Every structure is written in structure tokens, then in C-alpha cells.
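Taking it in order: structure first as C-alpha cells, then the write-up.
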Amino acid sequence: MLVLAWGRTYNLPYIIVRPTNNYGAGQYVEKLIPKACKYLMLGRKIPLHNNGTPIRNWLHASDTAQAVIKIIESGVQNEIYNIAGGFEQSNYETVKKVIKEYNSDDNIEKYLDLTYSRAGQDVRYALDDSKLRLLGWKPEVVFDNELPSIVEYYKNKFIW
């Protein structure tokens, strides 16, 4: 809102981007995928808020970067773009996939702590990125294909 106000008031050019949940190697440890790997490495249960039911839209960091480049190269000004990619799944499903990649165990529940409840937790992150897609952008990285290398990265190069 501040950028929009300054843009109108002072005739400043702007582009606002609103990316969805990003993932990839090297992400800060508080984020869901590296945090899940950290807890598995420590032999601790992974805390999931609201039984893991919140749904997130996941986008690889390289796809986000390519979206920003596409927007800049398009020459548009004074616009707002959502960057989403269209891949949604629950936090439970995301962590389930991490656990399976980490140790191939089918007994997922023994690795989870579902007692956490977070007031005001968003039920779903959903963005419409059709405006961005009109510029010719689309995501390239497939979550399920990339996850094994990301989990392997955190197993071998985890920075605390």
C-alpha cells in the first residue's frame, strides 16, 4: 500500500511482485522443508501446526527468479504480479514427502508432532498468476522431481 501511495503521489514507477511459498536448496532453517530435515537429523518430531492441514502453493526459487526477470524484461510499470506456479499441497503432504525422501519410512506419524495450533493460521495460500502467464512465463521446476536433491542437500550440507 505504501508503494502504491508513493507511486500515485510522486509519480514514481514501480512493479510489485507477490511470490508464493518458495523452496530450494540453501533456504533458511525456519522454513518448512529445511526445518523438517533438521528435525529428522536431530531425531526429533517435526512440529506441524493445525494437523498439517494448511495448504500452500509451492514454487521453486529459480522459477520465482525467472518470473521477476520476465516482468522486468517486459518493460511494464506500475503493475502488480502474483507469482504462484499452481502447485498446491498441504503441509502434511509436503512433510510426508520429505520424510519418505529422507529415510524411506512409511510410518510417517512417528516423525510428526501434530499438537501445535497456531491462532490465525492461514488455511490456504492461493494466488492467481494468470496476469504473469500472459507475459509468457510459466514454472519449469516440478516439486516432486526436485525434492530428492533438496533433501539430499540438507542431509549433507546443513548449516545450523
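Among residues of region 101-114 that are charged (D, E, K, R), those with a beta-carbon under 7 Å from a residue that is assigned to a helix (DSSP H, G or I) and surrounded by fewer than 16 Cβ atoms within 10 Å (Cβ to Cβ) at least six positions away or on a different chain give the pairs GLU101/PRO148. Among the conditions (1) loosely packed, with under 12 Cβ neighbours inside 10 Å; (2) in contact with a His (Cβ under 8 Å, 6 or more places away or on another chain), TYR116 misses just one, which is (1).
The set of residues in region 124-135 being surrounded by fewer than 11 Cβ atoms within 10 Å (Cβ to Cβ), more than 21 Å from PRO54 (Cα to Cα) and not hydroxyl-bearing (Ser, Thr, Tyr) consists of LEU134 alone.
Can you tell me which residue among TYR39, TYR14, TYR23, TYR81 is of a type in the set (Ser, Thr, Tyr) and over 19 Å from LEU132 (Cβ atoms)? Spell out the reasoning first.
Values: TYR14 fails: over 19 Å from LEU132 (Cβ atoms); TYR23 fails: over 19 Å from LEU132 (Cβ atoms); TYR81 fails: over 19 Å from LEU132 (Cβ atoms).
Result of the check over TYR39, TYR14, TYR23, TYR81: TYR39.
Taking first residues from region 77-91 that are within 25 Å of ASN11 (Cβ to Cβ) and modelled with pLDDT of 95 or more and partners that are of a type in the set (D, E, K, R) and in a loop (DSSP other than H, G, I, E, B), the Cβ contacts under 7 Å between residues at least 6 apart in sequence or on separate chains come to ASN82/ASP128; ASN82/ASP129.
Being within 16 Å of the chain's Cα centre (by Cα) and outside any helix (DSSP H, G or I): is that true of LEU127 here? For LEU127, the condition - within 16 Å of the chain's Cα centre (by Cα) and outside any helix (DSSP H, G or I) - is met. Considered as a group, the residues in region 54-73 that are in contact (Cβ under 8 Å) with a residue 24 or more places away in the chain and surrounded by fewer than 15 Cβ atoms within 10 Å (Cβ to Cβ) include one that is nearest to PRO19 (Cα to Cα), and that residue is SER62.
Can you report the number of residues in region 136-160 which are among the aliphatic types (A, V, I, L, M), part of a loop (DSSP other than H, G, I, E, B) and buried (at least 16 other Cβ atoms within 10 Å of the Cβ)? Give the steps one after another, and end with the answer.
Going through region 136-160, the residues among the aliphatic types (A, V, I, L, M) turn out to be 141-142, 147, 150-151, 159.
Restricting the remaining residues to those that are part of a loop (DSSP other than H, G, I, E, B) gives 141-142, 159.
Cutting the leftovers down to buried (at least 16 other Cβ atoms within 10 Å of the Cβ) gives us 141.
Of the residues in region 136-160, 1 are among the aliphatic types (A, V, I, L, M), part of a loop (DSSP other than H, G, I, E, B) and buried (at least 16 other Cβ atoms within 10 Å of the Cβ).
The values are calculated or read from the model by the stated rules, or taken from the named source; none is laboratory data. The shown structure was predicted, so the numbers you read here are calculated from the model rather than taken from an experiment. We place every Cβ from the backbone using ideal geometry, glycine too, and count neighbours over all the protein chains shown.
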